[in-house]
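Input: a single structure, listed below in structure tokens.
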């Protein structure tokens, strides 16, 4: 089967959103399909990280120009408007220009030329199936247009939700934009032949919101690329180390109970001399390092916290392997890639998360991990001390890596996706 993959996030971009598409394209080819990829030639560098990565060998990849990346200039206009409104004591809580002009999202400038590029690929390469990776959700519009223009079967894969009601509440999206997003999303789901999401909780939420999609909605988790597995043990950091890399999932920077509980626990342990800068460190790698530093100062634990910029993925994997615990936070109902990487690297979690699907995965495959759903600083502090003691007396249990990979290796998950496509769309391919 020849499959056209519409993937904004694809090498040379290095963002985490690339990983799912790259691995799917590689294993599609390994399992006998022929993938052709269309990506973006001039990504919005505010939201994307351009590196030196290249597409996987043997995967034909073409790049389409985005005619506009609006974030920068809309941000400048919003800044001018904000300053003027402050003169009359009015403060904007968000950039409403993005809500008004960026529909369905900031990446809408990619749509026109990507549709043209996709049409050419469909004709030239005798494409049987169009697969679209979202976000950005502008990519879904490209897929819908290609289906309507060519009649080719369409599979849309939401790595992230778009217009789930619970997510709109968290993001405080204006009510008119919520309705518009839901209208767009409903049209996308009605048009696609298969709708793929990456967690069962997201699948259930979508089916509650769009019951008519039940027969074509499936969950295929992100999983872990077993080719990146580091089996050998690396020497641990000299200090007992908790690590966190990537987005910290702030929703209320002033009153985030998850954040307050963790840093509150560090403050309690420092106050009782259980930990100090001589024997403990919390390593943070990510764009929010200044905010994390400020929070650490507020709790009087700035000497325990080391914040750095984002690092290459391979370097982060090494750092995780050398740490004693990995702090896990989630933006429910999504599942962070950190979950799968931490299990495969045999690093226990300090999971300050709500109850649900992630809690079950951690408890099933990582017996040495600590799941704290109540956001109690005392419980988190006790977990840290217990983990330290188990490392000291060598009584820590290993993660069930091989059992985990049976269900969550990306190779096996690609095969699962292939079977879903073939079983549901076999008439279209006849």
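Using equal-weight Cα scatterers in the Debye expression, the normalised intensity of the range 227-407 in log10 at q = 0.08, 0.11, 0.18 Å⁻¹ is -0.22, -0.43, -1.28. When Rg and Dmax are taken over the Cα atoms of the range 1-147, they come to 17.9, 64 Å.
With contacts taken as Cα pairs under 8 Å at a separation of at least 6 residues, the chain carries a relative contact order of 13 percent.
When you count, for each residue, the other Cβ atoms within 10 Å and take the mean per peptide, how do 219-227, 83-91, 260-268 rank with the highest first?
Values: 219-227: 19.6, 83-91: 8.7, 260-268: 21.4.
Ranked from most to least packed, the peptides come out as 260-268, 219-227, 83-91.
Between 0 and 90 degrees, the angle of helix 71-86 with respect to the longest Cα principal axis of the chain falls at about 60 degrees. In terms of packing, defined here as the mean over residues of other Cβ atoms within 10 angstrom, the peptides 207-216, 145-154 line up highest first as 145-154, 207-216. By how many degrees, between 0 and 90 and to the nearest 10, does the Cα long axis of helix 175-191 differ from the longest principal axis of the chain? Computed tilt is about 60 degrees. From the Cα gyration tensor of the range 158-209, with a ≥ b ≥ c the square roots of its eigenvalues, which class applies: rounded if a/c is under 1.5, or else prolate if a/b is larger than b/c, or else oblate? Oblate, since a/c reaches 1.5 and b/c is not below a/b. Here the peptides 298-306, 7-15 are ranked by packing, the mean other Cβ count within 10 Å, and the order with the highest first is 7-15, 298-306. For the chain, take the longest principal axis of its alpha carbons; what is the angle in degrees between that and the long axis of helix 200-209, to the nearest 10 within 0 to 90? Approximately 50 degrees, to the nearest ten. Placing one identical point scatterer on every Cα of the chain and ignoring solvent, what is log10 I(q)/I(0) from the Debye formula at q = 0.09 Å⁻¹? Calculated log10 I(q)/I(0) at the listed q: -0.62.
Every number here is computed from the coordinates shown, using simple stated rules; none is lab data. Remember, it's a predicted structure, so these values are computed and weren't measured experimentally. Cβ sites come from the backbone with ideal geometry, for glycine too, and all protein chains shown count toward neighbours.
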